[in-house]
1. Extension gain residue 149-residue 124, at 0.36 nm per residue separation less the Cα-Cα distance, in nm?
2. For the range 89-293, treating each Cα as an identical point scatterer without solvent, what Debye log10 I(q)/I(0) comes out at q = 0.11, 0.15, 0.18 1/Å?
3. Using the Cα gyration tensor of the range 26-177, with a ≥ b ≥ c the square roots of its eigenvalues, what is the shape: rounded (a/c below 1.5), prolate (a/b larger than b/c) or oblate (neither)?
4. How large is the dipole of the range 89-293 about the Cα centre if only Lys and Arg carry +1 and Asp and Glu carry -1, each at its Cβ, rounded to the nearest 20 debye?
5. Under a crude label model (7 Å from the Cα following the beta-carbon direction), how far is residue 69 from residue 201 in nanometres?
6. Under a 5 Å amide H to amide H cut-off, with H placed in plane at 1.01 Å, what residues pair with residue 255 once short-range neighbours are removed?
7. Modelled label-to-label distance, residue 236 and residue 50, 7 Å Cα→beta-carbon offset: nm?
8. Sorting check: for 91-103, 72-84, which peptide has the highest mean count of neighbouring beta carbons within 10 Å, and how do the rest follow?
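FYI, it's all coordinate maths here, none of it is from the lab. All of these numbers come straight from a predicted model, not from anything done at the bench. Cβ sites come from the backbone with ideal geometry, for glycine too, and all protein chains shown count toward neighbours.
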Amino acid sequence: MSVKEATKTAPAPVHAAPEPPRPAKGHRAWDEAPRWQIYLPLGIYLLFTLVPFYWILLFSLRPAGSTSLVPWPMTFDHFEKVWTERSFGTYFGNSVLVGVATLLMTTLVALAGGYALARFDFKVKRAFMLALLCSQFVPGALLLVPLFEIFAELQMINSLGSVILAETVFQLPLSMILISNFIKNVPYSLEEAAWVDGCNRMTAFRIVVLPLLRPGLIAVGSFAFVHSWNHFLFALMFLNNQDKQTIPVGLNSLMSADSVDLGALAAGGIIAAVPVVIVFAFIQKWLITGFSAGAVKG
């Protein structure tokens, strides 16, 4: 073979693809948004979010009759008034009791029901899941009449237990769905390995599965606590005595047809908001993980 023929049959050299042109220094890529397009909407959102909080803080700390836009001189008279004269100390204790009891009952029942939905197959499973989903479209006001009749027969009207049961029933469908989806993300092989080691189903669940459900349990429990803490309707309808009422009903009592004590109302609103803010500040890491993991099927 001649040199000329060998040159013709030789493969063509492979050249690397040319790099895309880089933007000149000081210029942005065509698909990169300018910073003002990011910060301007965030600033507007922050303005609409924080101004109401500053306004309620201003009314609660400045003296009555003052029109200053700065809470100075600062006074805590409004907090003392609502805590002592308006019985907010009693309302606060009742709300804590209702919230914690609803949290515990909702979490325990949803844990048992969610495990059954995640690990067992039965004939009416699809129908039961559909009923749980459809129950989320039922407003709480439609449950007032049947719940009131049931609690009246059980002589539970004007008892915190009626509010706790009503809140638990209202929170269970969504909580059960979240817990079941979260349990599905736990590999079934972990429980099988525990069974091989001699554990029964309950022991395997307690030792292997339950520790992995911490984010989901925190998410469900916090959702149930916050909803029961802020819910107004059940406490208004089922509780008559003032010493049994909760914070939302207490806030409503600060408003009358003739006048509204803005300072006391603002102080009561801060008392109602601070515990929830503190709780979310401590559990936000597990809360985000729990809702994101429980929202999808593994």
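1. Details: separation 25, 0.36 × 25 = 9.00 nm, distance 2.94 nm.
Length gained, residue 149 through residue 124: 6.1 nm.
2. -0.62, -1.01, -1.26
3. Details: a/c = 3.19, a/b = 1.24, b/c = 2.57.
Taking the square roots of the gyration eigenvalues as a ≥ b ≥ c, the range 26-177 is oblate.
4. Values: 10 positive and 10 negative charges, 144 e Å.
The dipole of the range 89-293 has a size of about 700 debye.
5. About 6.6 nm, to one decimal.
6. Result for residue 255 returns nothing.
7. 3.3
8. Values: 91-103: 20.9, 72-84: 15.2.
Top to bottom by mean Cβ count within 10 Å: 91-103, 72-84.
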